[in-house]
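**Q** Please see the structure below; I have some questions.
The values are calculated or read from the model by the stated rules, or taken from the named source; none is laboratory data. Treat the numbers as computed from the prediction; the structure is a model and nothing was measured. When we count neighbours, we look across all protein chains shown, and the Cβ atoms used for this are built from the backbone with ideal geometry, even at glycine. The protein model used for the area step is the full one, side chains on, heavy atoms only, and it has no ligands, DNA or RNA in it. Shrake-Rupley method; radii C 1.70, N 1.55, O 1.52, S 1.80 Å.
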Amino acid sequence: MSDLSKTLQKWNASFRKGADFDSWGQLVEAIDEYQILARQLQKEAQSPANSSDFTEDQKKTIGKIATCLELRSAALQSTQSQEGFQLEDIKKLEPILDNLLTFNKEFPFDVQPVPLRRILAPGEEENLEVEEEEEGGAGVGSPDSFPARVPGTLLPRLPSEPGMTLLTIRIEKIGLKDAGQCIDPYMTVSVKDINGIDLTPVQDTPMASRKEDTYVHFNIEIEIQKHVEKLTKGAAIFFEFKHYKPKKRFTSTKCFAFMEMDEIKSGQIVIELYKKPTDFKRKKLQLLTKKPLYLHLHQTLHKD
């Protein structure tokens, strides 16, 4: 069997696995499978012509399938599960993926492949030109809404356990002097121990809902993937604000904030912003600005 046939076979198996999880109601597993496959397809769709076994038209189709998988993942994570991309829509993609090499019909959905973007690994940005955070100048844009983009990787709430507490954090807004200039902003949320090691899966929010004056508004809820009582001493919840830089064609961390265990309590909380790179060990923290700009959160504790 050729490498191309093996690749197609692997993609088809992954697709069917995700669709099966979806139809069985195993939403977490379906989201994982869809997103893993979407990343593989996006990588192929964005590969240079001389290093791909697929034609440019086939790569466009591959990219569109990846977008549909991301849209279905977003629908599964939404509280309005009847809105957005449905399982019936996903099933229409299977014959296209099965017959990718001969598919020549119009794609059944009006979607576009995700544009080529680099998302840097932690620490990689340190080797690139650092954007200077200046104190002067407002740099804010007019009120605006962001276009619908690739959704995030939010996970559903864990099952409740007797005597255990779950935490939901709603990211309301972040204050930035140049909020209006941020392109495709989103948050990466992680829970780290005192040594900076992940205690839960890392989650990315969908793109922010709007920007207005000196604020980027999210109003997005994150379900922390560990019971509060099981978080280790010295742990912290990190919020990394990321945005796209068109000139450099990569997604960059602009700043970060974190919340320590003694700050977990129901209600509003406002936390300070720090300069990148993200310091998960909290050893060398530098405030982003002297201006009164913060990350605004709302916490809800669920106890069974």
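**Q** For His243, state whether it is of a type outside the set (D, E, K, R), open to solvent by 20 Å² or more (accessible area, probe 1.4 Å), in contact (Cβ under 8 Å) with a residue 40 or more places away in the chain and in a strand (DSSP E or B). Even if it seems obvious, please write down each step before you answer.
**A** Values: of a type outside the set (D, E, K, R): yes; open to solvent by 20 Å² or more (accessible area, probe 1.4 Å): no; in contact (Cβ under 8 Å) with a residue 40 or more places away in the chain: yes; in a strand (DSSP E or B): yes.
No: the conditions fail for His243.
**Q** Here is a further query. Determine whether Val228 is touching a strand residue (DSSP E or B) at 6+ places or on another chain (Cβ under 6 Å) and open to solvent by 70 Å² or more (accessible area, probe 1.4 Å). If you could, list the steps in order and put the result at the bottom.
**A** Numbers: touching a strand residue (DSSP E or B) at 6+ places or on another chain (Cβ under 6 Å): yes; open to solvent by 70 Å² or more (accessible area, probe 1.4 Å): no.
Here the answer is no, as Val228 does not meet what is asked.
**Q** Same structure again: Any idea which residue in the stretch 86-103 is farthest from Ala75 (Cα to Cα), counting only those that are open to solvent by 80 Å² or more (accessible area, probe 1.4 Å) and touching a residue at least 12 places away in the same chain (Cβ under 8 Å)?
**A** Filtering the stretch 86-103 for residues that are open to solvent by 80 Å² or more (accessible area, probe 1.4 Å) and touching a residue at least 12 places away in the same chain (Cβ under 8 Å), the one farthest from Ala75 (Cα to Cα) comes out as Leu101.
**Q** Another question, then. Output the residues belonging to the stretch 276-297 that are assigned to a strand (DSSP E or B) and exposed (fewer than 15 other Cβ atoms within 10 Å of the Cβ). Working first, answer last.
**A** First pass over the stretch 276-297, keeping only residues assigned to a strand (DSSP E or B): 287, 294-297.
Leu287, the sole residue that qualifies.
**Q** Next question. Please specify each residue of the stretch 1-43 satisfying the condition of being touching a Phe, Trp or Tyr at 6+ places or on another chain (Cβ under 7 Å) and without any contact (Cβ under 8 Å) to a residue 24 or more places away in the chain.
**A** Glu29, Glu33
**Q** Mind listing whichever residues of the stretch 202-240 are over 15 Å from the mean Cα position of the chain (by Cα) and part of a strand (DSSP E or B)?
**A** Result: Arg210, Lys211, Glu212, Tyr215, Val216, His217, Ala236, Ile237.
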